[in-house]
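A.B. asks: One structure follows; several queries about it will come next.
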Amino acid sequence: MMRAIWKPALLILIIFVNFFPFSIRENEVFYSKEVSVLVYHHIDDHQQGGVTITTKVFEDQLAALDRRGYNFITLDQFRQFLLNKRDVPDNAVLITFDDGYRSFYTNAYPILKKMEVPAVNFVITKDLEDPLRSLLLPSLSREEIVKMRTEDPNIEFQSHSDSLHAMQDGKPMLTNKLVKDKLVETEEQFKQRIVTDTRTCIRKLKELNASEAVDAYAYPFGSFDSQTIELLKQNGVQLGFTTKTGLTTSHTDPMQVPRINTGVPYVQGNTVHSLIKQSLRHQLQPIS
């Protein structure tokens, strides 16, 4: 009698696992008291590029992480962990986006909302003035940011500069003095430019209630130095996000947060876990 019941039950379980693998969640602890900060840029099913992935790949990545037992956290949880030494769940992951492309609203946000995954997007705020300036790669509008914030407070928007996401003579504008009419900026002019841009960016985001606290900044092109870090800190920035690879620990410099680039075509749903493990192993290697 028991065998007759047991066989159909096993068959049902096998079918369930095969067709609904997302419902089976692992509980292995890969790391504790650390956070993997993942970075994306553009989610699109038609365009191709070095920092563009499809909606299917993006959703597959999030689903694979969830199955593996990763825990998605909010920017505020990350802030409390790094600045106030609060605990985070094991296998903690923070999802970030750079550049504020409209595809975040049209393609990424519906997936994040459906899966109840928090995220933060670092916005170039000058693009708010004319989000359709680039028809090929339009930017988020003020209305879209407000709508997302109203629907889901765990979707936040932070600074990627106002107008410093640009190069002059092949050098990032955030960390280099500009040359105009063959004249190089003075030290005071350079400092004032960074301060004015930072204040403008933060003001625009605060006007949209874009985050609980507008105090995070993703460095344009990943370029930063001690001087610009100090200028940003003096103007309200507490968290600086880089393009360096690694995991964030409680000892990480809050102005030099590493991130793992998972928004590239070669990182599929079943490989994002391996990329995090690779970053973790690299971090644990002794310094020679």
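The values are calculated or read from the model by the stated rules, or taken from the named source; none is laboratory data. None of these values were measured; they are calculated from a predicted model. Cβ coordinates were reconstructed from backbone atoms using ideal geometry, including for glycine residues, and neighbour counts include every protein chain displayed. We work out accessible area using only protein heavy atoms, side chains counted, and drop any ligands, DNA or RNA first. Shrake-Rupley method; radii C 1.70, N 1.55, O 1.52, S 1.80 Å.
A.B. asks: Can you confirm whether TYR105 is surrounded by fewer than 24 Cβ atoms within 10 Å (Cβ to Cβ), closer than 20 Å to ASP60 by Cβ and touching a residue at least 24 places away in the same chain (Cβ under 8 Å)?
C.D. replies: no
A.B. asks: Let me ask another. Just one of the numbered conditions (1) open to solvent by 30 Å² or more (accessible area, probe 1.4 Å); (2) of a type outside the set (Phe, Trp, Tyr); (3) part of a loop (DSSP other than H, G, I, E, B) is not true of LYS277; which one?
C.D. replies: If we test LYS277 against (1) open to solvent by 30 Å² or more (accessible area, probe 1.4 Å); (2) of a type outside the set (Phe, Trp, Tyr); (3) part of a loop (DSSP other than H, G, I, E, B), just (3) comes out false.
Residues checked against (1) modelled with pLDDT of 95 or more; (2) in contact with a Pro (Cβ under 8 Å, 6 or more places away or on another chain):
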{"residue": "ASN121", "(1), (2)": "yes, no"}
{"residue": "ASP130", "(1), (2)": "yes, no"}
{"residue": "LEU140", "(1), (2)": "yes, yes"}
{"residue": "VAL146", "(1), (2)": "yes, no"}
{"residue": "ASP169", "(1), (2)": "no, no"}
{"residue": "LYS177", "(1), (2)": "no, no"}
{"residue": "GLN192", "(1), (2)": "yes, no"}
{"residue": "GLU207", "(1), (2)": "yes, no"}
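A.B. asks: Do you know which residues across region 66-92 are touching a helix residue (DSSP H, G or I) at 6+ places or on another chain (Cβ under 6 Å) and crowded, with 21+ Cβ neighbours inside 10 Å?
C.D. replies: VAL88
A.B. asks: Considering only residues that are touching a residue at least 60 places away in the same chain (Cβ under 8 Å), of a type outside the set (Gly, Ala, Ser) and open to solvent by 20 Å² or more (accessible area, probe 1.4 Å), which ones fall in region 209-224?
C.D. replies: ASN209, GLU212
A.B. asks: Oh, and also: Of the residues THR200, THR228, which is touching a residue at least 60 places away in the same chain (Cβ under 8 Å) and either closer than 18 Å to ARG79 by Cα or over 16 Å from the mean Cα position of the chain (by Cα) (or both)?
C.D. replies: Criteria check complete, one pass: THR200.
A.B. asks: Name the single residue that is farthest from the chain's Cα centre (by Cα) among those in region 148-163 being more than 28 Å from GLY49 (Cα to Cα) and of a type in the set (D, E, K, R).
C.D. replies: Across region 148-163, the extreme among qualifying residues is GLU151.
A.B. asks: Could we say that SER159 is surrounded by 14 or more Cβ atoms within 10 Å (Cβ to Cβ), small (Gly, Ala, Ser), over 21 Å from PRO258 (Cα atoms) and out of contact with any Pro (no Cβ under 7 Å at 6 or more places or on another chain) here?
C.D. replies: Against the criterion (surrounded by 14 or more Cβ atoms within 10 Å (Cβ to Cβ), small (Gly, Ala, Ser), over 21 Å from PRO258 (Cα atoms) and out of contact with any Pro (no Cβ under 7 Å at 6 or more places or on another chain)), SER159 does not qualify.
A.B. asks: From the set of residues in region 256-274 that are of a type in the set (A, V, I, L, M, F, W, C) and in a strand (DSSP E or B), which is farthest from the chain's Cα centre (by Cα)?
C.D. replies: Only one residue tops the list, namely VAL257.
A.B. asks: Now, a different point. What number of residues within region 236-248 are open to solvent by 30 Å² or more (accessible area, probe 1.4 Å) and over 12 Å from ILE276 (Cβ atoms)?
C.D. replies: Residues meeting the conditions: 4.
A.B. asks: Among the residues of region 176-208, what is the count of those that are out of contact with any Lys or Arg (no Cβ under 7 Å at 6 or more places or on another chain) and surrounded by fewer than 18 Cβ atoms within 10 Å (Cβ to Cβ)?
C.D. replies: So the count comes out to 20.
A.B. asks: Let me ask you something else. When only residues in region 164-175 that are surrounded by 10 or more Cβ atoms within 10 Å (Cβ to Cβ) and not polar (S, T, N, Q) count, which is nearest to the chain's Cα centre (by Cα)?
C.D. replies: The extreme case among them is HIS165.
A.B. asks: How about region 212-235: which of its residues are under 15 Å from ASP98 (Cβ atoms), out of contact with any Gly (no Cβ under 6 Å at 6 or more places or on another chain) and not in a helix (DSSP H, G or I)?
C.D. replies: Within region 212-235, ALA216, ALA218, TYR219, SER223, PHE224 meet the criteria.
A.B. asks: Then there is this: Given (1) crowded, with 23+ Cβ neighbours inside 10 Å; (2) touching a His at 6+ places or on another chain (Cβ under 6 Å), identify the lone condition not met by THR125.
C.D. replies: Of the numbered conditions (1) crowded, with 23+ Cβ neighbours inside 10 Å; (2) touching a His at 6+ places or on another chain (Cβ under 6 Å), the odd one out for THR125 is (2).
A.B. asks: I'd like to check something: does region 253-261 contain any residue that is surrounded by 15 or more Cβ atoms within 10 Å (Cβ to Cβ), within 19 Å of GLU156 (Cβ to Cβ) and in contact with a Lys or Arg (Cβ under 8 Å, 6 or more places away or on another chain)?
C.D. replies: yes
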